[in-house]
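Notes follow the structure.
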Amino acid sequence: MKRFYKKAAVEPVAGSGDLYQVTLDGRPLKSPAKADLLLPGKDLAEAVAAEWEAQGEKIEPAAMPLMTYVSTAVDRVEPQREAVAAEIASFAASDLLCYRADRQPDLVAKQDAAWTPILDWAEKRFGAPFTVTSGIMPVAQPNTTLMLVARDVGKLNSLELTGLHTMTTAMGSLILGFSVLDGYKTPDDAFDLSLMDEEHQADLWGRDEEAESRRARLREEVRSAHRLICLLGGR
């Protein structure tokens, strides 16, 4: 799509308190589903406006991750918050960090050294233990743990859910997603932890260009989702 506007700006929504709208040549920006994009806080609105302002002669949606997130939150997450929260919480039943290698002692040692501290943090954060196993056979997590995780996921608003969903799916770990959400880990540190197995295999067998490209894309998703969370403030 060619650029159809000259100026992106931000305006407060009258009588709304701390809600803002992005405008294109004075017209309020809508979501792809034509819903109003009422953004909580000026910082987030200005960041979305900056993405629109930075577009060249052609609009490149891939260069506007924040716009993608806020649109997803309004069009897809908010109408089905409970279902989305349940989907995110379900990752706790098979979290990456709970599955250790069983036939590679050197990898097991790396996993134990890197993952045990963050599991200890998660147990304190949620107030319940996680069960760790070796191999790929599923292991049941305690019902209390799953209930407490679901409770905390359910407290998040639609934008926070959108950011957490992105990070959790990119890293295969709800625990790592929450570690970034809570500011316990940086996006890059958390993502590096999620790559423990892949990096070990790459060191053994060599690197694949396609796999490297995929990892770079997922890392950027975690970074941009973290930026969304930071712009929301209050965490």
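The values are calculated or read from the model by the stated rules, or taken from the named source; none is laboratory data. Owing to the predicted nature of the structure, the values given are computational and were not obtained by experimental measurement. A quick note on method: Cβ atoms are made from the backbone with ideal geometry, for glycine too, and the neighbour counts reach across all protein chains shown. Side chains included, ligands, DNA and RNA excluded: accessible areas come from the protein's heavy atoms. Shrake-Rupley method; radii C 1.70, N 1.55, O 1.52, S 1.80 Å.
Brief remarks follow.
- Which label in (i) 57, 45, 34; (ii) 65, 44, 32; (iii) 61, 42, 25 gives the computed Cα extents along the principal axes in Å: (iii)
- Under 19 Å of direct C-alpha separation, and excluding same-chain neighbours fewer than eight residues apart, Lys6 reaches these lysines: Lys30, Lys58.
- Secondary-structure-derived ellipticity at 222 nm for the chain, considering helices only, amounts to -17000 deg cm²/dmol, per-run term -39500 (n - 2.57) for DSSP H runs with n ≥ 4.
- Stretch gain in nm, segment Ala50-Ala33, where the contour uses 0.36 nm per residue and the Cα spacing is subtracted: 4.0 nm
- Paramagnetic label zone (point 7 Å from Cα along Cα-to-C-beta, Met147; backbone N under 14 Å) in segment 119-133: 127-129
- DSSP-assigned coil residues among chymotrypsin sites (Phe, Trp or Tyr not before Pro) in segment 97-139, each with at most 11 further Cβ atoms within 10 Å: none
- Spatial separation of Cα centroids for segment 210-235 and segment 11-80, in angstrom: 18 Å
- The residues of segment 133-176 expose, per residue, 42 Å² of accessible area to a 1.4 Å probe.
- Excluding ligands, DNA and RNA, the accessible surface per residue across segment 58-98 is 49 Å² with a 1.4 Å probe.
- Protein heavy-atom surface of segment 1-156, 1.4 angstrom probe: 57% of the accessible area is carbon and sulfur, with nucleic acids and ligands not counted.
- Cα-projected label distance for Ser134 with Lys2, points at 7 Å along beta-carbon direction, nm: 6.5 nm
- For the chain, the longest principal axis of the Cα atoms and the long axis of helix 196-205 meet at an angle of about 70 degrees.
- Hydrodynamic radius of segment 76-115 per Kirkwood, over alpha carbon pairs, in Å: 12.3 Å
- Between 0 and 90°, nearest 10: helix 158-171 axis offset from the chain longest Cα axis: 40 degrees
- Under 25 Å from Lys155, Cα to Cα: lysines that are on another chain or at least 8 residues apart: Lys42, Lys124, Lys185
- Spacing of the two label points (7 Å from each Cα toward its C-beta) at Asp25 and Glu123, in nm: 6.1 nm
- Taken one residue at a time, the phi angles of segment 15-23 give Karplus couplings (6.51, -1.76, 1.60, θ = phi - 60°) of x, 9, x, 10, 9, 9, 10, 8, 10 Hz. Gly and Pro are set to x.
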